[in-house]
1. How many residues, within segment 58-87, are part of a loop (DSSP other than H, G, I, E, B) and either over 26 Å from Leu111 (Cβ atoms) or in contact (Cβ under 8 Å) with a residue 24 or more places away in the chain (or both)?
2. Test Ala67 against the stated conditions and say whether it is within 36 Å of the chain's Cα centre (by Cα), loosely packed, with under 10 Cβ neighbours inside 10 Å and among the small types (Gly, Ala, Ser).
3. Has segment 88-107 got at least one residue that is over 60 Å from the mean Cα position of the chain (by Cα), modelled with pLDDT of 85 or more and surrounded by 10 or more Cβ atoms within 10 Å (Cβ to Cβ)?
4. Kindly indicate whether Arg51 is exposed (fewer than 10 other Cβ atoms within 10 Å of the Cβ) and over 30 Å from Ile114 (Cα atoms).
5. Can you report the number of residues in segment 88-128 which are of a type in the set (A, V, I, L, M) and either assigned to a helix (DSSP H, G or I) or in contact with a His (Cβ under 8 Å, 6 or more places away or on another chain) (or both)?
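The values are calculated or read from the model by the stated rules, or taken from the named source; none is laboratory data. Please read all numbers here as calculations on a predicted model, not as lab measurements. All Cβ positions, glycine included, derive from the backbone under ideal geometry; neighbour counts span all protein chains shown.
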Amino acid sequence: MTSNNEPDANDSELISHLKRLSPLPAPIDPLAAAFAAGRRTSAHKIRLYQRTTALAAAMCATAWFFALTPPTPRQPDPPRLAVRTEPAIIYSDQSIAVLQQAVLVHGLDGLPRIDRSYLTPTRISDPF
């Protein structure tokens, strides 16, 4: 080639030979081409599925391993002694527990007397 990018005699002969070439007909199987294209596009999904399945299998194996191993024996807790103590609650004189105890010991006479001095009888004619 020359410096001004024009072909010389050798280049022009090569160009003329290349122009006379015709491509050979290649038998293309459309079914095989579609299958290969589908394989290429689904490869990412298949790899993701395989990795997820492997991770799930590893997790199941780990859980199964820990489920089958016997627990380590613990030291038994020291025995607890049951000691009866008196209740620390101080009941009032009018509590149910004190009243029930008084009735058990003295019968109905153990109940305290009711002060009725502040009660006045009401008659039908009082509101009018």
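1. So the first thing to find is which residues in segment 58-87 are part of a loop (DSSP other than H, G, I, E, B), and the list is 69-87.
Still in the list and also either over 26 Å from Leu111 (Cβ atoms) or in contact (Cβ under 8 Å) with a residue 24 or more places away in the chain (or both): 69-85.
Of the residues in segment 58-87, 17 are part of a loop (DSSP other than H, G, I, E, B) and either over 26 Å from Leu111 (Cβ atoms) or in contact (Cβ under 8 Å) with a residue 24 or more places away in the chain (or both).
2. Numbers: within 36 Å of the chain's Cα centre (by Cα): yes; loosely packed, with under 10 Cβ neighbours inside 10 Å: yes; among the small types (Gly, Ala, Ser): yes.
Criteria met by Ala67.
3. Initially, segment 88-107 is screened for residues over 60 Å from the mean Cα position of the chain (by Cα), giving 105-107.
Right, trim to modelled with pLDDT of 85 or more and you get 105-107.
From what is left, the residues that are surrounded by 10 or more Cβ atoms within 10 Å (Cβ to Cβ) are 106.
Yes.
4. Details: exposed (fewer than 10 other Cβ atoms within 10 Å of the Cβ): no; over 30 Å from Ile114 (Cα atoms): yes.
No: the conditions fail for Arg51.
5. Filtering segment 88-128 for residues of a type in the set (A, V, I, L, M) gives 88-90, 96-99, 102-105, 108, 111, 114, 119, 124.
So of that shortlist, the ones also either assigned to a helix (DSSP H, G or I) or in contact with a His (Cβ under 8 Å, 6 or more places away or on another chain) (or both) come out as 96-99, 102-105, 108.
Residues meeting the conditions: 9.
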